[in-house]
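To start, the structure itself, in structure tokens.
Rule-based calculations on the coordinates, nothing more; no lab input. On a predicted model such as this, the values are computed, not experimentally measured, just so you know. Note: ideal-geometry Cβ built from the backbone for every residue, glycine included; neighbour counts use all protein chains shown.
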Amino acid sequence: MGDDRGRERPSDPAADATPDGRRRAGRRDRAVRAAVEQGLLGPGAPLVALLDVAGIRESVAGLRAAFDAVVAPGTPVLHAFAVKATPLVPVLRLLHAEGVGAEVASPGELALARAAGVPPRRTVLDSPAKTPDELREALALGIAVNADNPQELDRVDALLRSAPSRSPFGIRINPQVGAGAIEALSTATATSKFGVALRDEGARDWLVRACRDRPWLTRLHTHTGSQGVPLPLMARGVAETYALAEEINRTLGRRQIDTVDIGGGLPVNFASDVTTPTFAQYARLLRETVPGLFDGRYGLVTEFGRALLAEQGTILARVEYTKSAGGRPVAVTHAGVQVATRTVYAPGSWPLRIAAYDAEGRPKQGPLLVQDVAGPACFAGDLLASGHALPRLEQGDFAAALDTGAYYFAHHYGYNSLARPAVHGFAPGASGSVVFATVREAQTLAEIVAESGGAHTDALTTGFTSERR
């Protein structure tokens, strides 16, 4: 990035936004100011996370409208939120209230969904490493299960012989259509650990036999990947899975596969307040690519996460100190690797926009200055942004990491035993005010000690017994 030092223009992260993006940015600015005024953010609370409740509702409405516009009337559709994206019980409760279920991939995520009141019939269990106990619980509850591999399907066979279940069953397919820009998040590569590799020798024949022998196996599941996967590649993965469903039904002479779970993975634009791609764009592309999936013969399940929540979250960190190193200004804040792990360790794949606010919570304006925004952890790479052009951040100001509502502050990394920040939802109040609700309280030092074995202080010094010979 070139040196924009001295170039006069307002710092406006929403300058190129759509009307919806500008409204979202306006709500964010008002919430930051209110958080400072109400004491949620300041010297005693130098790090907080905010969630835009109106934005979450708008995002869900966009998802539902997008698929309602392309499916045949009467088609059963379940939108299940990928709990891993934002594993917070009040968030799951809000999504449930808006008609969204839960996709879970661990006992912990299932516990969160159940605590939020998400019913089993609106819950989907995906995981490549389900234990017998996990499967047994899901089958007892009637949760939809997508088996990952032949050995898991054998395990399900044994469990069903001892305890029949009303759970819908599917099997995950790896369509092997290739990788997106981020290899680690591309789940449809030739050697991906997920699902049955469709192009491997004998795989299609095995899948047909598996369904023939199991009339209760009525679903196929696929997920091409997440951030960095282009829409055409996602659509190809769905098309391959749909073609398999048609082949199975045609070969068996019956409509056994009645539901296709297309996963999630819609990428997020982290460069501006423009939402692109949209759910509507993806839904239209799918209808064009796989028209038979939308003619009413198949039910549909989606598992979006990041695309629903990312734009609705903001991390706010107080600037504790400013300094200069090698001629580069550095703002040292309280947000770093503990809340933005992916960005710190892989900044090229996970860059974040940073917005500058003054000590009163107002957007800063003035000349742009290339500077680093650093976190509090004790290693040199702990940077939210490197060489970022912002109005000069000063001691007591606030740096805001935008679009962090998914896979950021809810996925705490305990480096340096830094505490988890408080999370607050915000919504419009009376007469233009902003009201807040606590989603998660800030972690206390006592909780850090307890989670670090505080109840077992003497375990390694006097906790052993030995026999003298």
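Here is how the numbers come out for the structure above:
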item	result
The chain shape via C-alpha gyration tensor axes, a/c threshold 1.5	prolate
Extension gain, residue 57 back to residue 297 (0.36 nm per residue minus Cα-Cα distance, nm)	83.4 nm
Helix-only mean residue ellipticity at 222 nm for the chain, each DSSP H run of n ≥ 4 adding -39500 (n - 2.57), per residue, nearest 500	-9000 deg cm²/dmol
Positive-end extreme of charge dipole, the chain - chosen from 302, 87, 47 (charges on Cβ)	302
Rounded FRET efficiency, nearest 0.05, which uses the C-beta distance separating residue 136 from residue 394 and R0 of 45 Å	0.20
Count, lysine Cα pairs under 20 Å in the chain, 8 or more residues apart or across chains	4
Approximate spin-label separation residue 162-residue 380, in nm, with each point projected 7 Å along Cα-to-Cβ	5.7 nm
Paramagnetic label zone (point 7 Å from Cα along Cα-to-C-beta, residue 151; backbone N under 11 Å) in region 195-230	none
C-alpha long axis of helix 279-289 to longest principal axis of the chain, angle in °	30 degrees
Cα gyration tensor shape for region 222-281, rounded if a/c is under 1.5, else prolate or oblate	prolate
Cα centroid separation, region 422-438 to region 113-167 (Å)	38 Å
Added length on full extension, which subtracts the Cα-Cα distance from 0.36 nm per residue, residue 461 to residue 183	95.6 nm
Computed label-point distance, nm, for sites residue 323 and residue 438 using a 7 Å Cα→Cβ extension	3.5 nm
Spacing of the two label points (7 Å from each Cα toward its C-beta) at residue 281 and residue 205, in nm	4.3 nm
For residue 18, distant residues with modelled amide H under 5 Å away	274, 275
